[in-house]
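Each reported figure results from applying straightforward, stated rules to the coordinates on display, with no laboratory input. Keep in mind that what you see is a predicted model, and the values were worked out from it rather than measured. Here the Cβ positions follow ideal geometry from the backbone for every residue, glycine too, while neighbour counts run over all protein chains shown.
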Amino acid sequence: MQMDLWELCKQMLRSRIFEEAVIQLWEDGFIFGEMHVGIGEEAIAAGVVAQLRDGDAMALDHRPTPSLLMRGIDPVLLLREFLGCPDGLCCGIGGHMHLFSQEHLAASSGIVGASGPTAVGFALAAQHLRPGTVAVAFFGDGAINQGMLMEALNLAAIWKLPVLFVCKDNEWAITTLSQSVTAGNIVDRVRAFGIRVAEVNGSDVEAVWKAANEAIDRARKGEGPSFLQAHCCRPEGHLLGDPMVQMAHHPISEMKKTTVPLLKSITKREGGSLAERARSMGMVASLIGKTAKDRFWKQDDPLELVRNKLKFDHARLKLMEEEANREIQQVVQAALMTDELGTGGRQ
Amino acid sequence: MQMDLWELCKQMLRSRIFEEAVIQLWEDGFIFGEMHVGIGEEAIAAGVVAQLRDGDAMALDHRPTPSLLMRGIDPVLLLREFLGCPDGLCCGIGGHMHLFSQEHLAASSGIVGASGPTAVGFALAAQHLRPGTVAVAFFGDGAINQGMLMEALNLAAIWKLPVLFVCKDNEWAITTLSQSVTAGNIVDRVRAFGIRVAEVNGSDVEAVWKAANEAIDRARKGEGPSFLQAHCCRPEGHLLGDPMVQMAHHPISEMKKTTVPLLKSITKREGGSLAERARSMGMVASLIGKTAKDRFWKQDDPLELVRNKLKFDHARLKLMEEEANREIQQVVQAALMTDELGTGGRQ
Amino acid sequence: MRNMGFSDAIEDALAHAMAHDDKIIVLGEDVHMLRSNLFVRFGKERVRATPISEGAFVGLAVGAAMAGLRPVVEVMFADFLGVAMDALLNHAAKTNRFSGGRWNVPLVVRVACGGGYGDGGQHEQSLWGWLAHIPGLTVVVPSTPADAGGLMLSAIQCDDPVIYMEHKLLSNFWFDLMGTGRRETVQFDVPAQGAYGSVPQVWHPVPIGRAIIRRDGEDLSIVSVGVGVHRAMEAAVALEDHRISAGVLDLRTVSPLDRETVCSFISKTGRMLVVDEDYRDFGLSGELAASALEAGIPVRYGRVCTSDTIPYCRDLEDDMLPSTHTIVSTALELMEE
Amino acid sequence: MRNMGFSDAIEDALAHAMAHDDKIIVLGEDVHMLRSNLFVRFGKERVRATPISEGAFVGLAVGAAMAGLRPVVEVMFADFLGVAMDALLNHAAKTNRFSGGRWNVPLVVRVACGGGYGDGGQHEQSLWGWLAHIPGLTVVVPSTPADAGGLMLSAIQCDDPVIYMEHKLLSNFWFDLMGTGRRETVQFDVPAQGAYGSVPQVWHPVPIGRAIIRRDGEDLSIVSVGVGVHRAMEAAVALEDHRISAGVLDLRTVSPLDRETVCSFISKTGRMLVVDEDYRDFGLSGELAASALEAGIPVRYGRVCTSDTIPYCRDLEDDMLPSTHTIVSTALELMEE
Ligand SMILES: Cc1ncc(C[n+]2csc(CCOP(=O)(O)OP(=O)(O)O)c2C)c(N)n1
Ligand SMILES: Cc1ncc(C[n+]2csc(CCOP(=O)(O)OP(=O)(O)O)c2C)c(N)n1
Ligand SMILES: [Mg+2]
Ligand SMILES: [Mg+2]
């Protein structure tokens, strides 16, 4: 298979624009629940999903939108589902964290780590029923300490299952720096299961594509599981409305909300010594500070990176962006303009 | 601390003789449920338990007898519990798989892997309330694939908890060769969590003692968790009445019971090809064969080993054995000779 | 008609199904030996021994079922479902709903359950009422070899997840291994009618969700499931001496509950006695009470269940689990009221 | 008297308890930020952020409680208890029994529960009746700030494991984070009486196992817990228009169930309507029916519960969860019978 950087860029664009529309709809009150967008993970999704064919399967986490969109699911169905419409992808019942498409063998779950067991199950079925097909599990860095995921790594290894584990490592699990709660490091841990690991810059779609291509190729040939450790940055934070992100963007007004009660806590009678309290306060402040830094693009907006690679044909790039914009605009209109706008309409 | 080989030998003798009495009582129908004895694990229990002091804690698995006995729990209370008496260690309610002594901070569980979380909990309490004390988790090789145990390794490492994980590796989990379902190997897997691992001959109490001593010393000093991989042999198999052991000991009569239906399965119409079936049949047979081999002592009876080391003082050794025999005989008599022999008496 | 042990019936029906559908696979700890007949006949790919990783391998079975296989995944004892609960609660039970009814999970989770042989409180739980609380799970509990085979067939054919529960006092296989350990020095109260009996020449599915009246009665309606059915039958005989005519209904399926049969069965006598080896509170016995009240049937009601953690000691255990003796005494109280 | 938000009341009571007992520690994912006030005041050893390893860290909390600490372990949502179920089912709930009553597990498991804000079926479960099925677990579900603080204090003081359930529509903290995301463009049906209200000047424990009558009624007795209590109160007001006098009982504790108060409350009217946001079958609503029947109270009975997996779509969700509207219509049916 040949890498088609233009196609990858296009998918990433579609995903980004789609999720930006989702953010707007969320802000306008048309979308409910905890909305987790994958802005910043597009290169990982694109590079991996580009490898998939008919009969391949995907197990996704609480941030499934980019992969589903790129896998070819009708974005109108997807958006109608987010809006809670009876004609959405899952009849409005699943919602954006629980998206399923049997046709695409794609399933998501809001339980951290669950994509591991599901994917090895998909891979076992592939081994039995569809030799040559594969399964992919997507999850975040926080999932690596979930027992069922580690168990799933073991199952994949002992049965040489055709599965690719993709860790989208943004270094954070909600407000926790994963490193601070993960002994050793993810790559060594996975290697100890005898699983091949590739570590890549997850903002670089070319790098992801190559690593995923090799891994999935091996899986198709029966050479067993692989693990892709893909580093990325996610400026939108954990969920839409993430207070950490608010603080990063509006440090003064938002910090006050947090620090006033914190300062009160410092002065309450019983508790740690003042020195200890100051230290704890410092930890909170430094975490917020680090978030603030991590919640802005550095050089790692995957879309910027791929655009840079393609800017030699500026005109084509521009055309592509316009097309993607137009498509998503139409998607949003189509999704909003039906009569039965169950939920959104209520607002 | 100095190693006292005589004391270790004594504890191992007591445990062996006690468990042999348990086997007899089980065969006579006085003990119920799945009785798992630790014959073959005495050197591991002795070498580790010898390190423990007041305030130290133990989390045990489904094979807790040797460790509890060596920790100083009254053997009459223990045996009364096995007999299901209201004045047993746990009032007859827990039974031999669910033994608890708050006084000794010792708790067992029949859930494979559960000793991991319990021990790290004990260790966390030690860190808070009893600095310098430690916790030990005992479990078998089969437990290493249980998610909660892997999670517990991670917790111990990130919080530098004063805990020693002891894997009593007899290579088998019931009828499964652990190697066949464990990717990589246990030692590498644990090291990837940044935990110090010592691998020892678990039949050699000296080796166990030394490794445990070093590990627990470190834990007491706040230098964090360690893992002891201790290889052993357990001729009694998984539980009393283990069919695999029966086959090892009475190959002809017992094999028939198994092979007749198996041969029938070979000749049933639908199913795998004849060649495949012969291969599967071969796998079953070879597993049984391997069990048969593994269920006899090789050079690895821990008691023989320690006796050999002490045979320079033959007389003292003999005296010690006689004393241990006498003690356990008295224990059995005391346990059986009360009026209220609730359960046993019913038979 | 043939005669068979309870677990032999399960294996026979399972083998029959596996012979006709390649998509059926068996997964679980030690299945190469525990199900060695199936292993030899169908090979190591279709009868696959797992590590002790219930969380992941039940989750794997859910995924495999979604992707076209029909797994029968064994979790040795119901007690160990705690470790695998997420896969049942949040995945097996919910995929059909979440997908808008479009994606099914044809999965059988086979577990041994129940007590009466001194294995202690972490190894003798029944938990069927607990599992039944989760919408999307079907829970079956056969009490005879014929139902054991027939319900296994139905469970396999069902397109939704079914928890198949095999009581250890009935299942000759587990009983020999865990109960007696093949000793002749111990005895347990094994219901003979349940452990061995006639089964059809050719297996037919026993419909899920259909209770069956095991005995008619005019004065008192005993509703039970699993080993409790046999205890209730014995109690019904004993009650004859007291001139009480007690009927016995075997639910066979806990969820979906056959409310219709339950209601007509209890209406007849106006007295319902529930015999349930699962924990008493917030479970099957309560749901039967609600079924009666919802249907506007003003029954007198009593229940003989397991009220607390099951003790190891055989005497205490017998007191804790529903026994013929307690059923009779509770029945007598209920008749007096 | 002071006024406070629901989750502020919990935090206030918890801080009060922590200030007086060093053995109390808080454990859970993100607690350094989610409970940053406690973190700053009591430090990172006593407010300890965990990895996403619920199975092990709830098990760890059980061990820590056995060895002398008094942990308050947070599992963010009740739904995630599936992952940690073994620690609850086989360890927290059983240690006291197994040890012959000699060794206690003074543990609080704090979880957010409940729906009504469009978070979908894996994130809005209540599960209190399910947890209550397990002997050895205490389950409390406050419905007001005063009870939230008082029950937290009791839970901490209790020597046995308590599951403390905090409804997300009441808990201002969770609601802002997960419900609105601090938007002003969305609205949910938050019961004002539950989310904010007066609390005592000094915290006193609210006794576990004690229900409280929120409203007296002559014709119909509504029994509920959590947010359902507020829905029931609203319905009771609406029923006045139909000249129906409905009382409302707030259970506050699901297990142990305050059967005595329930029975006297329902005897008065002879009609019991259960409003239960947990799943309908095999749970709390059934147990209440059994309580009535066991006590020989011949009530008319109806229930408004959650019958299936909770849909994401707000309309479908509102239909699935108990609503004032459904309570009223079911009450009217019950009155007609
Ligand atoms: C079993 C479980 N525990 C906790 C949660 C709550 N939760 C949702 S996402 C998340 C953090 C996940 O972090 P990571 O895996 O790194 O994914 P990211 O959000 O960064 O993409 C947590 C703790 C959950 N959904 N499931
Ligand atoms: C969670 C759980 N799964 C399965 C079992 C059944 N079981 C009891 S012991 C055992 C094998 C354990 O093997 P290992 O850890 O090597 O210990 P050993 O018996 O060899 O001492 C199994 C599968 C259990 N008790 N708990
Ligand atoms: Mg992350
Ligand atoms: Mg072993």
>> Return the chain A residue and its Cβ-to-axis distance, rounded to the nearest Å, for the rotation relating A to B.
In response: A:G147, 1
> Using only Cα atoms, what is the ratio of the radius of gyration of region B:84-174 to 2.2 N^0.38 Å?
Replying inline: 1.16
> How are the C-alpha pair distances of region D:205-276 spread across 10 Å bins, as whole percents from the shortest bin up?
Replying inline: 23, 55, 19, 3
>> Less than 20 Å from a label point 7 Å out along the Cα-to-Cβ axis of A:K160: which backbone N atoms in region B:165-180 qualify, by residue?
In response: B:177-180
> Taking a threshold of 31 Å on the Cα-Cα distance, which of the pairs A:K160/C:K94; B:K168/C:K23; A:K256/D:K44 fall above it?
Replying inline: B:K168/C:K23
>> Need the list of lysines near B:K10 for cross-linking: C-alpha distance under 20 angstrom, and skip anything on the same chain fewer than eight residues off.
In response: B:K210, B:K309, B:K311, B:K318
>> Just to confirm the numbers: A:E214, label point 7 angstrom along the Cα-Cβ line, distances to the other copies in nm, shortest first?
In response: 3.8
>> Order A:219-227, D:184-192 from most to least packed using the mean count of other Cβ atoms within 10 Å.
In response: A:219-227, D:184-192
>> Please state the shape class of region C:1-78: rounded when a/c is under 1.5, otherwise prolate if a/b exceeds b/c and oblate if not, all from the C-alpha gyration tensor.
In response: prolate
> Which distances in nm, rounded to one decimal and ordered from shortest, link the label point of C:Q157 to the equivalent label points in the other identical copies, with labels set 7 Å from Cα toward Cβ?
Replying inline: 6.0
> Radius of gyration and Dmax for chain B's Cα atoms, expressed in Å?
Replying inline: 21.1, 67
>> With angles folded into 0 to 90 degrees, how steeply does helix C:145-157 sit against the dominant principal axis of chain C? Use alpha carbons for both and round to 10.
In response: 50 degrees
>> Neighbour counts of other C-beta atoms within 10 Å: give me D:V108, A:V200 arranged from fewest to most.
In response: A:V200, D:V108
> Assuming R0 = 30 Å, what is the FRET efficiency of B:K221 and B:Q102, from their Cβ-Cβ distance, to the nearest 0.05?
Replying inline: 0.70
> Across every pair of different alpha-carbon atoms, what Kirkwood hydrodynamic radius in Å does chain C reach?
Replying inline: 20.1 Å
>> Between helix D:284-294 and chain D, what is the angle of the helix's C-alpha long axis to the longest principal axis, kept within 0 to 90° and rounded to the nearest 10?
In response: 60 degrees
> Which FRET efficiency value, to the nearest 0.05, is calculated for B:M337 and B:K311 with the Förster distance at 35 angstrom and r the Cβ-Cβ distance?
Replying inline: 0.50
> Under a Cβ-Cβ cut-off of 12 Å, what is the net charge of the residues other than C:I327 that fall near it, where Lys and Arg count +1 and Asp and Glu count -1?
Replying inline: -2
> So which DSSP H runs in chain A come out at 30 Å plus along the axis (Cα) with average Kyte-Doolittle of at least -1.0?
Replying inline: A:5-27, A:314-336
> How many nm separate the modelled label positions at A:S286 and D:A19, each set 7 Å beyond the Cα in the direction of the Cβ?
Replying inline: 2.8 nm
> Along the positive direction of the dipole of region B:71-218 (beta-carbon charges: Lys, Arg +1; Asp, Glu -1; about the Cα centre), which of B:A123, B:H96, B:G142 reaches farthest?
Replying inline: B:A123
> Is the shape of region B:1-96 best called rounded, prolate or oblate, per the rule: a/c under 1.5 gives rounded, else a/b larger than b/c gives prolate, else oblate, with a ≥ b ≥ c the square roots of the Cα gyration tensor eigenvalues?
Replying inline: prolate
>> Show me, bin by bin at 10 Å from 0, the whole-percent P(r) of region D:249-313 based on Cα pairs.
In response: 21, 53, 20, 6, 0
> What value, in deg cm²/dmol to 500, does the helix sum -39500 (n - 2.57) over DSSP H runs of n ≥ 4 give at 222 nm once divided by the residues of chain D?
Replying inline: -10500 deg cm²/dmol
> Which aspartates and glutamates, on any chain, are close to A:K264 with Cα under 19 Å apart, when same-chain ones fewer than 8 places away are left out?
Replying inline: A:E254, A:E276, D:D8, D:E11, D:D12
> Shortest first, in nm, what separates the label point of C:V202 from those of the same position in the other copies (7 Å along Cα→Cβ)?
Replying inline: 8.1
> Rounded to two decimals, what is Rg over Rh for region B:116-157 when you use alpha-carbon atoms and the Kirkwood radius?
Replying inline: 1.02
> Given a cut-off of under 8 Å on Cα pairs at least six residues apart, what relative contact order in percent is computed for region B:146-274?
Replying inline: 30 percent
>> Just want to confirm a number: the relative contact order over chain A, from Cα pairs under 8 angstrom separated by 6+ residues, in percent.
In response: 22 percent
> Put a dot 7 Å past each Cα toward the Cβ at B:D87 and C:I297; how far apart are the dots in nm?
Replying inline: 5.1 nm
> If you average the sequence gap of Cα pairs under 8 Å that are 6 or more apart and divide by the length of region A:51-124, what percent do you get for the contact order?
Replying inline: 37 percent
> Measuring from a point 7 Å past the Cα of B:V187 along Cα-to-C-beta, which residues in region B:219-253 have an amide N at less than 18 Å?
Replying inline: B:226-233
> Taking square-rooted eigenvalues a ≥ b ≥ c of the alpha carbon gyration tensor, is region A:115-236 rounded, prolate or oblate, where a/c under 1.5 means rounded and, failing that, a/b exceeding b/c means prolate?
Replying inline: prolate
>> Suppose we take every Cα in region C:41-156 and form the convex hull; what volume per residue is that in Å³?
In response: 126 Å³
> Once Rh is set to the Kirkwood radius over Cα pairs, what Stokes-Einstein translational diffusion coefficient, in µm²/s, holds for the protein assembly as shown at a temperature of 20 °C and a viscosity of 1.002 mPa s?
Replying inline: 67 µm²/s
> Given H placed on each backbone N at 1.01 Å, which residues far from B:F165 in sequence or on other chains put an amide H within less than 5 Å of it?
Replying inline: B:A137, B:S226, B:F227, B:L228
